[in-house]
1. Which residue is nearest to the chain's Cα centre (by Cα), if the candidates are limited to region 70-85 and must be over 15 Å from T36 (Cβ atoms) and free of Cβ contacts under 8 Å to residues at least 60 places away in the same chain?
2. If T36 satisfies all but one of (1) without any contact (Cβ under 8 Å) to a residue 24 or more places away in the chain; (2) buried (at least 24 other Cβ atoms within 10 Å of the Cβ), what's the number of the condition it fails?
3. Among the residues of region 43-62, is there at least one that is in contact with a Cys (Cβ under 7 Å, 6 or more places away or on another chain), touching a residue at least 12 places away in the same chain (Cβ under 8 Å) and closer than 19 Å to C31 by Cβ?
4. Do we find a residue being modelled with pLDDT of 85 or more, part of a loop (DSSP other than H, G, I, E, B), β-branched (V, I, T) and surrounded by 15 or more Cβ atoms within 10 Å (Cβ to Cβ) anywhere in region 54-75?
5. Those residues that are touching a helix residue (DSSP H, G or I) at 6+ places or on another chain (Cβ under 9 Å) and not hydrophobic (A, V, I, L, M, F, W, C), I need them from region 38-53; list them, please.
6. Counting only residues that are part of a helix (DSSP H, G or I) and charged (D, E, K, R), which one in region 76-100 is surrounded by the most Cβ atoms within 10 Å (Cβ to Cβ)?
7. In region 6-21, is there at least one residue being out of contact with any Cys (no Cβ under 8 Å at 6 or more places or on another chain), modelled with pLDDT of 90 or more and in a loop (DSSP other than H, G, I, E, B)?
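The values are calculated or read from the model by the stated rules, or taken from the named source; none is laboratory data. What you are looking at is a predicted structure, and each value in this text was computed from that prediction instead of being measured. With ideal geometry, Cβ positions are generated from the backbone for all residues, glycine too; neighbour counts draw on all protein chains shown.
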Amino acid sequence: MHLIVLSCLLVALFRVSDIRADDCSTDDFSCWQEKTEQGDASAQYNLGVTYSKGQGVMQNYAQAHKFYNMAAAQLTGERRETAAQARDELAQKMTLQQIAKAQRLVSEWKLTPI
């Protein structure tokens with residue numbers, strides 16, 4: 001149900017950091033969502049930004065943390081550090097319950113076969 005609601009939301013134009021999914025424009029939430037479901041770490045990071053800031057979606061720290069965490073696990077080098085730092089900074093704003101929920105969401109995540 002959460003995915004259906006998110007798919008219906010209009011995404012506002014906004015500046016995204018230097019981590020971007022190659023085939024998605026900066027305001028294409030449905031593209032990021034699809035690529036995230038296929039395991040694309042850049043798209044996962046961008047969804048983290050979207051949920052963290054509430055840009056085009058309802059702000060949701062648990063979802064943002066989940067996507068930052070997933071991206072940090074796959075990215076390398078400076079991009080990994082950027083995702084990990086975003087996750088860690090967000091965690092400072094979260095309750096222990098929100099962090100636990102985010103970690104549970106990661107463990108329940110299932111990729112969509114291509």
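1. A84
2. The failed condition is (1).
3. Checked region 43-62: at least one residue is in contact with a Cys (Cβ under 7 Å, 6 or more places away or on another chain), touching a residue at least 12 places away in the same chain (Cβ under 8 Å) and closer than 19 Å to C31 by Cβ.
4. For region 54-75, residues modelled with pLDDT of 85 or more, part of a loop (DSSP other than H, G, I, E, B), β-branched (V, I, T) and surrounded by 15 or more Cβ atoms within 10 Å (Cβ to Cβ): present.
5. Those that are touching a helix residue (DSSP H, G or I) at 6+ places or on another chain (Cβ under 9 Å) and not hydrophobic (A, V, I, L, M, F, W, C): G39, D40, S42, Q44, Y45, N46, G48, T50, Y51, S52, K53.
6. Result: R87.
7. No, region 6-21 has no match at all.
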